[in-house]
Structures are given as C-alpha cells and as structure tokens.
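Chemist: Take this structure, written in structure tokens, and hold onto it; I'll ask about it next.
The values are calculated or read from the model by the stated rules, or taken from the named source; none is laboratory data. Just so it is clear, the model here is predicted, and its values are computed rather than measured. Heads up, the Cβs are rebuilt from the backbone with ideal geometry, glycines too, and the neighbour counts pull from every protein chain shown. Accessible surface is based on the protein model in full, side chains and every heavy atom, while ligands, DNA and RNA are left aside. Shrake-Rupley method; radii C 1.70, N 1.55, O 1.52, S 1.80 Å.
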Amino acid sequence: MKFTEKEIQEALCERHTTAIQEKLNRGRVAIAGLGGLGSNIAFFLARIGTGHLHLIDFDRVDLTNLNRQQYLMRHVGMFKTDALKEQLLEINPYLDIRTDCVRVSSENVTTLFQGDSILCEAFDIPENKAMLVNGILENYRDLIVISASGMAGYGNSNRILSRKITNRFYLCGDGISDSSKGLGLMAPRVALCAAHQANLAASLMIDQTAKDSL
C-alpha cells in the first residue's frame, strides 16, 4: 500500500502534534557510523519523521552484524549507507536522506558535516571517536555532538545514562563497559544506548532549552 506525503504527515502529527512535528521536519541530523548504534539511531529518527538525515559509513554489511544492527540477510555485502537508506525510505519515502560512503578522517571532518545541526557519533574504536568529536568541536561553531561510550554485554539497563559534558557535547552510555570475550555487543543494550542518543537528538530538535536539562 502506498501513502501520500500528506497522509504520512497527518499520521505523525496525530501522534506528536503539528507544532512538534514541524520542528522534527526541519531537523538535520548526521549519523557517523551505521553499525549497532548508528543503524538503530537512524531507525528511531526516521520513525519520528526527522526531515533531513545524513548517513555516513564506509563499510559493508557482514553476517556478524545481524546480531545487533538494523540489517537483514538480503543486505549482506551491501554498503551500509545503501542498505540503511533503502529501509528508512520504506518507513517514510519522503524523508531527505543524504549518504556519504566514506571513512571519516581528520582531513574530511572539517567539511563533511556542513549543513548538519546535530551529529550522533556511533563509532566503535575509541581513537576514532576522539578524532571525530575533537574535529567537530574545533571546526564547527554550532554543531552539537551526541557521542556514546559503554554499552557492551547484557548488564544493568539503568546504568545507561545521558550526560551533558560541555555546551555542545553530550555522552550516552555507562562510560565503563567495553567489548571483550564473553561480554560482546548485543542488540538489547546497544539499542538502549542508541535510544538515548536518538531521544536526546529529538529533544534538542524540539526544544533547544533541553540542552541545559541534563
């Protein structure tokens, strides 16, 4: 069944109210890294009708990704940017989705995120996380970064928290748990952290005063 853009907007407004939905429609959120965190963040933001999504990853879907990432068997071997965009447009074909199938580096970080208002960092490697966060805070005046650290295993859900670090930098997770043998990345806890990131992004799109509420 195919629905018009008006019908989808009316359905979203029924759930969120028109005033809130209009703010979400204007939202410009980048997601760097489309694995367990990033693919879940993208699904959450697409479902609430975030108008402009920017998906960044250089990797292809692997069979081992399916334990926690929003991909299906048919996507194995595809670039994550292509596989994720395909699925998000099945949720809402009227979203503006931009993709960059590139590896984020200290060279391209200075220009890659122009036009974005919020960045959800979703990398696996700590050094890459630090490079991205520092690059954004040093090179962009207004771009807000929502990062993540600590969501491995299957432990206490209530240890996953959202914290304000600086005026433009937020951190979600428990800040402690690291992936190791027997304590790997599993769908439920990774999705908890992704939900924190997506929920914080939604709060900032809807009400800028939310940035001071943590």
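Chemist: Please give me, ordered by residue number, the trypsin sites (Lys or Arg not before Pro) of the range 155-204 that lie in loop per DSSP and have at most 15 other Cβ atoms within 10 Å.
Modeler: When the trypsin sites (Lys or Arg not before Pro) of the range 155-204 are filtered for loop state and at most 15 Cβ neighbours within 10 Å, LYS181 remain.
Chemist: While we're looking at this one, here's another question. Taking +1 at the Cβ of each Lys and Arg and -1 at the Cβ of each Asp and Glu, which of MET73, LEU204, SER177 sits farthest along the dipole of the chain towards its positive end, judged by Cα position relative to the Cα centre?
Modeler: It is SER177, whose Cα lies furthest towards the positive end.
Chemist: Given Cα pairs under 8 Å that are at least 6 residues apart, what percent is the relative contact order of the range 39-79?
Modeler: For the range 39-79, the relative contact order is 42 percent.
Chemist: Here's something else I'd like to know. Explain nothing, just the number: relative contact order of the range 94-188, from Cα pairs under 8 Å at least 6 residues apart, as a whole percent.
Modeler: 23 percent.
Chemist: Restrict the search to the range 13-68; then list the chymotrypsin sites (Phe, Trp or Tyr not before Pro) that DSSP places in a loop and that have at most 16 other Cβ atoms within 10 Å of their Cβ.
Modeler: Passing both the DSSP loop test and the Cβ count: PHE58.
Chemist: What whole-number distance in Å separates the alpha-carbon centres of the range 3-26 and the range 41-99?
Modeler: For the range 3-26 versus the range 41-99, the Cα centre distance is 21 Å.
Chemist: Skip the ligands, DNA and RNA, and give the accessible area per residue of the chain with a 1.4 Å probe, whole Å².
Modeler: 51 Å²
Chemist: Quick check on my link table: of LYS23/LYS164; LYS80/LYS164; LYS80/LYS129; LYS85/LYS164; LYS23/LYS80; LYS129/LYS181, which ones sit more than 24 Å apart, alpha carbon to alpha carbon?
Modeler: LYS80/LYS164; LYS85/LYS164; LYS23/LYS80
Chemist: A further question on this structure: Could you look at the chain and say what percent of its accessible area is carbon and sulfur, using a 1.4 Å probe and all protein chains?
Modeler: Heavy-atom surface of the chain belonging to carbon and sulfur, 1.4 Å probe: 52 percent.
Chemist: Let me check something: with ligands and nucleic acids excluded, how do MET186, MET73, MET78 order by accessible area (1.4 Å probe), largest to smallest?
Modeler: Heavy-atom accessible area, descending, gives MET73, MET186, MET78.
Chemist: I need to check one value: relative contact order of the chain, counting alpha carbon pairs closer than 8 Å and at least 6 residues apart, in percent.
Modeler: Reported as a whole number, the value is 21 percent.
Chemist: For the chain, what proportion of DSSP beta bridges, expressed in % and rounded to the nearest 5, is antiparallel?
Modeler: Bridges in the chain are about 25 percent antiparallel.
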